[in-house]
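Data first, discussion second: the structure below is written as structure tokens.
Since every read-out is calculated from the coordinates, none of them should be taken as a lab result. Keep in mind that this is a model prediction, so the values were computed, not measured. Cβ placement follows ideal geometry from the backbone for every residue including glycine, while neighbour counts extend to all protein chains displayed.
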Amino acid sequence: MRPYGNHIVSEFINCRSDLNDEKVITDMVKNGINICRLGLIKVVSHKFSPVGLTVIAIISESHVAVHTFPEAKHASIDIYTCSKTPEPTNSLLEYFKKHLKPQTTRTIRVKRGDELEINDTNWMISYGSVGTETRYHIKERIFSGQSKFQKIDIILNDSFGRMLFLDDDVQIAEVGDDEYNDALVHPIEEAGLMNRVAILGGGDGGVAKELLRRGAKDIYLIDIDEMVVAACKEHLPSICGDAFDNKKVKVIIDDANNFLANYHGFDSIIYDLTLHPEWLTVKDRDKFLNDIFAKIAKNLNKGGMVSIQCCDVYDTETIELLKGILKKNFKRISFTPVFIKPFCVEWMFASAIKK
């Protein structure tokens, strides 16, 4: 007998339904299998603490699995059948979409059996907020590592030079770093708030380098991942320059929330962290962002400024969320789109003054 099968692996992003209800998800799996006329044999489920579910069904054709990340509104779907036709797997995927209501999905369909298609290892794929992806050719792989926080890659690309990726998400590149760093530093320079500045994130050193170039006197760079800082210092000198060795720059390896609990009195704070912290914490995103921006406001001097890299301009949900959060502790809130070459899209930046 020749082995064969249809395998679907899909990521459901920004689901609108309850992903932490074990009965609801289990019933969805059972009903979907029956409706799509697959042979249900057994279903097992497990609820994780504090959140998250795994539901696995053994079917006569193979298996179905659903794993949820409620804190990220995310579900990972795995459907494998040994049927010669892909219709049952496709129908079950559509059934799951109807019930979990994802804003967008990313799906790979694989033909299984004697031959298995191997992913092309010469490309990095960075996913946009909604329905887009950008592929970057790897001319040379400079560095690859896995810290306790994330996967770190530095590659050489034909168009953008050396590029930094964290968990496959593009962060900075030799071509285009000037626009990115200027967008974060220019507002605080224009406001004359350059004496004591903290950078939350910024492990590539580019923002610190720009602050030094514009005359900042006392700079704190806070990044949770020591491996990122070390890799960028060694492999991205064109981006960080000598910022990590400059006496005006204090590099602190710590969580930004811990730093904000112990250091105070800044003219400006640059938020160079993600506004999508779902993969870094099990805390609800709205609560996480409300908490950290309240701490930022407390740590700023009177009239101090926060400067923020936000997200791509199409991520309107995040932009609206941030607007509401900033209004609680800040005034003179400004949003500015800037085209960042290596991102291949306009990126939104924001700035605001402490009330």
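What FRET efficiency comes out for the pair F339/D78, r = Cβ-Cβ distance, R0 = 45 Å, nearest 0.05?
With a Förster radius of 45 Å, E is 0.75.
In debye, nearest 20, what is the charge dipole magnitude of the chain about its Cα centre with +1 on Lys and Arg Cβ and -1 on Asp and Glu Cβ, if you could check?
The dipole magnitude comes to about 1080 debye.
Could you grab the relative contact order for the chain? Cα pairs under 8 Å, six or more apart, rounded to a whole percent.
13
How would D21, D177, D153 line up from fewest to most surrounding beta-carbon atoms within 10 angstrom?
D21, D153, D177
Suppose R0 equals 41 Å; then what is the FRET efficiency for E346 and K42 from their Cβ-Cβ distance, rounded to the nearest 0.05?
The pair E346/K42 has a calculated efficiency of 0.25.
In whole Hz, with x marking every Gly and Pro, tabulate ³J(HN,Hα) for the range 148-164 from phi via Karplus 6.51 cos²θ - 1.76 cosθ + 1.60, θ = phi - 60°.
6, 10, 6, 8, 10, 9, 10, 10, 9, 10, 4, 9, 10, x, 6, 10, 9
Not counting the cut sites, what is the longest span of the chain without GluC sites (Glu not before Pro) that DSSP labels loop and that have at most 14 other Cβ atoms within 10 Å?
With GluC sites (Glu not before Pro) excluded where exposed in loops, the chain gives 118-355 as its longest stretch.
Please report M163, M348 as a ranked list, fewest other C-beta atoms within 10 angstrom at the top and most at the bottom.
Result, fewest neighbours first: M348, M163.
Among the DSSP beta bridges whose two residues both lie in the chain, what percent are antiparallel, rounded to the nearest 5?
Counting DSSP beta bridges with both partners in the chain, the antiparallel share is about 80 percent.
For F266, F244, what's the fewest-to-most ordering of other Cβ within 10 Å of each Cβ?
Placing the least packed residue first, the sequence is F244, F266.
Provide the net charge surrounding M163, with neighbours chosen by a C-beta distance below 13 Å and charges set as Lys +1, Arg +1, Asp -1, Glu -1.
-3
Would you please put 37-50, 194-207 in order of how densely packed they are, using the mean number of other Cβ atoms within 10 angstrom per residue and starting with the highest?
Packing order, densest peptide first, comes out as 194-207, 37-50.
Can you give the calculated 222 nm mean residue ellipticity of the chain, where each DSSP H run of n ≥ 4 adds -39,500 (n - 2.57) and the sum is split over every residue, rounded to the nearest 500 deg cm²/dmol?
For the chain, the value works out to -8500 deg cm²/dmol.
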